[in-house]
Amino acid sequence: MQIANYLCRMLIVEQLQKSTVESLTALFSQTFTEKDFQVNQTKPEFEGDYTVVLFSLVKSLKLSPGDIGNKLGKHLIENNPSLFTQYNIIKGFLNLTVADAYWMEVLQKNYTDVCFGKKQMNGKKVMVEYSSPNTNKPLHLGHLRNNFLGWSVAEIFKASGYDVIKSCIVNDRGIHICKSMIAWQLFANGATPQSTNTKGDHFVGEYYVKFNDEYKKQVEELITAGKTKDEAEKEAPIMKATQQMLLDWEAGKPGTMELWQKMNSWVYAGFDITYKTIGSDFDKMYYESNTYLLGKKIVEEGLQKSVFNKEADNSVWIDLTEDGLDKKIVQRKDGTSVYMTQDIGLAQQKYEEYKIDQSIYVIGDEQNYHMKVLKLIAEKLQLPNAKNIYHLSYGMVELPTGKMKSREGTVVDADDIVDEMKKVAQEKTEELGKVKDFTVDELTTLYHTIGLGALKFFLLRVDPKKKMIFNPEESIDFHGFTGPFIQFNHARIKSILRKSIVNGESSIVSGELSVISGQSSAVFLPLEKELIVALEQFPTIIQQACDEMNPSAIAIYVYNIAKIFSSFYNEHSIANAETEDKKQLRLHLAAMTANVIKSGMGLLGVEVPERM
RNA sequence: GGACCGGUAGCUCAGUUGGAUAGAGCAUCAGCCUUCUAAGCUGAGGGUCAUUGGUUCGAAUCCAAUCCGGUUCACCA
C-alpha cells in the first residue's frame, strides 16, 4: 500500500504542541511536556485557527496569562514563520493563525489521496467478533446495529494499521434450535423454503414462533387442569419432546442430526442473502456445535491451579466474591461445560490460531456481567490473551413504543427494514426526478446505496455504548444529519468535478496550487478556511474512532464536513470563481472534500454515489 | 438488595476527556431556486445540563449524597 504523503509531515496540532514545548522551554528555562497545556481549535467567534490555553501555565511560571501569551506567541511566530503568521490573546487564550502555505500544502498533497488519514501497517493483529446469530430465527434490527458496528470497527482498525480478522460465532445448537426443529416435525408436513417460496431463515423462524404458540397453549391447558405454573412449564409435552431432542442431538442420533443439518442449511441460505445485502463479511466462522465441548482442558488446569474448586456433587465452580462478584459454575455435575467455559475455550482457540494482539467482542450490554467474568477468569487462569479481551458493549435498539418484543410482534425484521428503506429511497428519488436517464440496473443500485446508507448511518451515528431509539419515521427522513445528505453532497461535488473536465482532462491543474505571496492572510475566505481546517483533522478523527472503538466519531465528523461544504457551496461559486486561482483552490477543496467523504463513509460501510 | 450503565432544547442526539456566550438534526416560524444537483442554504424562537453540596482561576464534564430510568446477579446461551 502506498504511504500517505501527509506522513511526511506532522499534523498542525502536533506541530503546535511540539513548537509550544520548545518555545516554553527556551523562554522559561524549565522543562515542559505537551501535557502542561491544552491545544484546541479556535472558536469561530475569535480570530485564529488553533488556540493554546494558558491557564495551566500560570501557577508554575508565576506570570499573568497575558505575559505568557505575548512571549509565547511572539516566540512561536519568530521560530516557526512557515507555520504561524499571527496571534492574539483573549483572556487566557492564545489564538494562533496558521500560515496559508501550510493549508495549501495539505490540499496539494492529499486532495485525491485515497490513503489520506490512514496509517501504515503496524504489525499487530486484531480479531473482531460480531454478528453471532442464532440459527432459529432471522436477523432483526438489533443484529443490524451489531453487524454495522462490528464491520465498521474492523475497517477503522484496518485504517489504523492493524491486520484485522473478522470472525463470527454461530450459535447453531442448543434448546432454541430444537424448538424450531420440533415445531417443524409437528406442523410442517414436509414443507420447505422451496415449496413455500420463503427465505430460509424466515421459514425456520416461523416454526420457532409456532413452537412458542403451541407451548403456551399446552401450559395453559395444564394450568386449567390444576397444575401450578412451574409444573405446567416443565410438563408440557412439546417442551419434553424438545429436551429429548437436545439429548438426541448430543448423542448424535442420525435422524436428529439430519434434520438439524437440513434446517440449519435453510437458515444459512437465508443469512447469506441478508449478509450480502447489508455488506457483512467474515474471515473466520466458528460454530458452537464445534466449540461447545471446549473448556474441559481449561477446567482441569483451573483445578490444578486452584483457581476452580470441585463441589461434592462433582460440579466445578469459581469463587469471585473477593472481586465483588458471585460464585460462578464452570462445569456441570454431569461433566458438561457451560457457556462460560466454552467461551474461555474459544478465546484461547482464537489466540492459538491467530496469535492476536487484541480480541474484540461486539456483544450487547446485557452481557456486560458475563464478559466481565469471562475476562476475570481468563486473567486468573493466566491465559496469555486474557488482558487483550475487550468487550465492545453496545446498547439495545428500542422503538419509540419501548422494547422490541417478539411476542407482541414488534420486532423489526432486518430484511423488511432494508426493503422499506430502499422503497423510500426510490420514492424520494422519483419525486426529485434527477436521474431519469439511469438504466434499471443503475437505479436499483442507487436505491440500494441510498436506502441502506440511510439505515447504516442512522444506526452508527449514535455512541455504541448508549441504547438508542429507532424511530421509523425519523430514520426514513433523508434530510439533515443523515446518510443521504452526505451522499448528496458527494454527488454534488462529483457533478462539479465532471463539469470541470475539459477535453477529457480535469481542469484541476495537476501541478502546484498557486500561493498568492505577500498577502497570504487573504488567500482563504472564512468558509474555505473552515473546510480545510476540518479536512486536515481526518487522520486525528480516525485515530480517535479507533482508540474509542467508536464509529459515531467518524459519522459526526463526515456530517460536519458535508455541512461545511454545503454552506461553502451556497456562498461561493466554484466554476465561476472570482479568479482562476480561486477556482483552482475551490476545485481542490471540493475534490478533497469528496475524497474524505468517500473514505470516511467507507469506514462506516456506506457507499457514496456519483450521481443521485 | 448488590454490581454496572444512563438522565443535556418539545423529540433524537453531540459536547474535542476541566476551558471562551452549552451545539446539531427533526419539529415550529420567516426568507432564498433564470446561476456549479434545493435530499440544499440563511435567520428566529426554544436550556435550572435530573437535584443538592463539594473540589478551583474555571464544572454539563471530577468527587459525594439524593431522585428517576435501564441492564444484570441461572447446572439457559
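The values are calculated or read from the model by the stated rules, or taken from the named source; none is laboratory data. Model, not experiment: these values are computed from the prediction. So basically every Cβ, Gly included, is an ideal-geometry build from the backbone, and we count neighbours across all protein chains shown.
Looking at A:S406, A:S393, just one residue is part of a strand (DSSP E or B) and out of contact with any Leu (no Cβ under 8 Å at 6 or more places or on another chain), and that residue is A:S393.
Quick check on my filter: what residues within the range A:322-334 are within 16 Å of A:L303 (Cα to Cα) and out of contact with any Ser or Thr (no Cβ under 9 Å at 6 or more places or on another chain)? Full working, then the answer.
The initial filter retains those residues of the range A:322-334 that are within 16 Å of A:L303 (Cα to Cα), namely A:327-333.
Once the filter is applied, which keeps residues that are within 16 Å of A:L303 (Cα to Cα) and out of contact with any Ser or Thr (no Cβ under 9 Å at 6 or more places or on another chain), the range A:322-334 yields only A:K328.
Contact map, the range A:451-462: first residue free of Cβ contacts under 8 Å to residues at least 40 places away in the same chain, second residue within 9 Å of RNA strand B (Cβ to nearest atom) and of a type in the set (D, E, K, R), Cβ cut-off under 9 Å, separation 6 or more or different chains; pairs are A:A454/A:D477; A:F458/A:E474. Annotation: of all residues in the range A:367-389 being more than 16 Å from A:L346 (Cβ to Cβ) and not aliphatic (A, V, I, L, M), the one that is surrounded by the most Cβ atoms within 10 Å (Cβ to Cβ) is A:K380. I'd like the full set of residues that are farther than 13 Å from A:I496 by Cβ and not acidic (D, E), limited to the range A:574-583. Passing the criteria: A:T579, A:K582. Meeting the requirement of 3 or more residues that are touching a Gly at 6+ places or on another chain (Cβ under 9 Å) and surrounded by 22 or more Cβ atoms within 10 Å (Cβ to Cβ), the strands (runs of 3 or more DSSP E) wholly within the range A:83-193 are A:93-98.
Listed conditions (1) exposed (fewer than 13 other Cβ atoms within 10 Å of the Cβ); (2) within 8 Å of RNA strand B (Cβ to nearest atom) are all met by A:I329, apart from (1).
Scanning the range A:596-610 turns up at least one residue that is in contact (Cβ under 8 Å) with a residue 40 or more places away in the chain and within 8 Å of RNA strand B (Cβ to nearest atom). Return yes or no: is A:D163 touching a helix residue (DSSP H, G or I) at 6+ places or on another chain (Cβ under 7 Å), of a type in the set (D, E) and in contact (Cβ under 8 Å) with a residue 24 or more places away in the chain? In short, no.
If you check A:K434 against the conditions, is it farther than 17 Å from A:N147 by Cα, within 11 Å of RNA strand B (Cβ to nearest atom) and either in contact with a strand residue (DSSP E or B) (Cβ under 7 Å, 6 or more places away or on another chain) or part of a loop (DSSP other than H, G, I, E, B) (or both)? In short, yes.
Return yes or no: is A:E34 among the acidic types (D, E), within 13 Å of RNA strand B (Cβ to nearest atom) and either surrounded by 16 or more Cβ atoms within 10 Å (Cβ to Cβ) or more than 19 Å from A:S19 (Cα to Cα) (or both)?
no
Among the residues of the range A:235-283, count how many are among the polar types (S, T, N, Q), within 26 Å of A:S167 (Cβ to Cβ) and not in a loop (DSSP other than H, G, I, E, B).
Here the count works out to 5.
No other residue among A:V267, A:V316 is within 16 Å of RNA strand B (Cβ to nearest atom), at pLDDT 90 or above and within 30 Å of A:L455 (Cα to Cα) apart from A:V267. When A:N388 is tested against (1) within 18 Å of the chain's Cα centre (by Cα); (2) closer than 30 Å to A:M127 by Cα, just one condition goes unmet, and that condition is (1). Of the candidates A:I556, A:I541, A:I561, the single residue that is part of a helix (DSSP H, G or I), near RNA strand B (Cβ under 7 Å from one of its atoms), under 13 Å from A:G600 (Cβ atoms) and modelled with pLDDT of 95 or more is A:I556. Here's a check for you: in the range A:450-471, which residue that is within 8 Å of RNA strand B (Cβ to nearest atom), in contact with a Leu (Cβ under 8 Å, 6 or more places away or on another chain) and not in a loop (DSSP other than H, G, I, E, B) is modelled with the highest pLDDT? So, considering only residues that are within 8 Å of RNA strand B (Cβ to nearest atom), in contact with a Leu (Cβ under 8 Å, 6 or more places away or on another chain) and not in a loop (DSSP other than H, G, I, E, B), the one modelled with the highest pLDDT is A:M468. Just one of (1) crowded, with 17+ Cβ neighbours inside 10 Å; (2) farther than 28 Å from A:I273 by Cβ fails for A:L392. It is (2). For the range A:472-491, a residue qualifies if it is touching a residue at least 40 places away in the same chain (Cβ under 8 Å) and within 6 Å of RNA strand B (Cβ to nearest atom), and the qualifying residues are A:F478, A:F481, A:P484, A:F485, A:F488, A:A491. Restricting to the range A:406-422, name every residue that is without any contact (Cβ under 8 Å) to a residue 60 or more places away in the chain and within 25 Å of the chain's Cα centre (by Cα). Within the range A:406-422, A:D416, A:D419, A:E420, A:M421, A:K422 qualify.
Yes/no matrix, rows are residues, columns are (1) free of Cβ contacts under 8 Å to residues at least 24 places away in the same chain; (2) in contact with a helix residue (DSSP H, G or I) (Cβ under 8 Å, 6 or more places away or on another chain); (3) more than 30 Å from A:F282 (Cα to Cα):
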{"residue": "A:T42", "(1), (2), (3)": "no, no, yes"}
{"residue": "A:E47", "(1), (2), (3)": "no, no, yes"}
{"residue": "A:I77", "(1), (2), (3)": "yes, no, yes"}
{"residue": "A:Y87", "(1), (2), (3)": "no, yes, yes"}
{"residue": "A:I90", "(1), (2), (3)": "no, no, yes"}
{"residue": "A:N110", "(1), (2), (3)": "no, yes, yes"}
{"residue": "A:M121", "(1), (2), (3)": "no, no, no"}
{"residue": "A:K125", "(1), (2), (3)": "no, yes, no"}
{"residue": "A:G142", "(1), (2), (3)": "no, no, no"}
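If only residues of the range A:332-375 that are of a type in the set (V, I, T) and within 20 Å of A:D283 (Cβ to Cβ) are counted, the one that is farthest from RNA strand B (Cβ to nearest atom) is A:I356.
Of all residue pairs spaced 6 or more apart or on separate chains, those with beta-carbon atoms under 6 Å, a first member in the range A:169-194 that is in contact (Cβ under 8 Å) with a residue 60 or more places away in the chain and within 15 Å of RNA strand B (Cβ to nearest atom) and a second member that is among the β-branched types (V, I, T) and part of a helix (DSSP H, G or I) are A:C178/A:T242; A:K179/A:T242; A:S180/A:V204.
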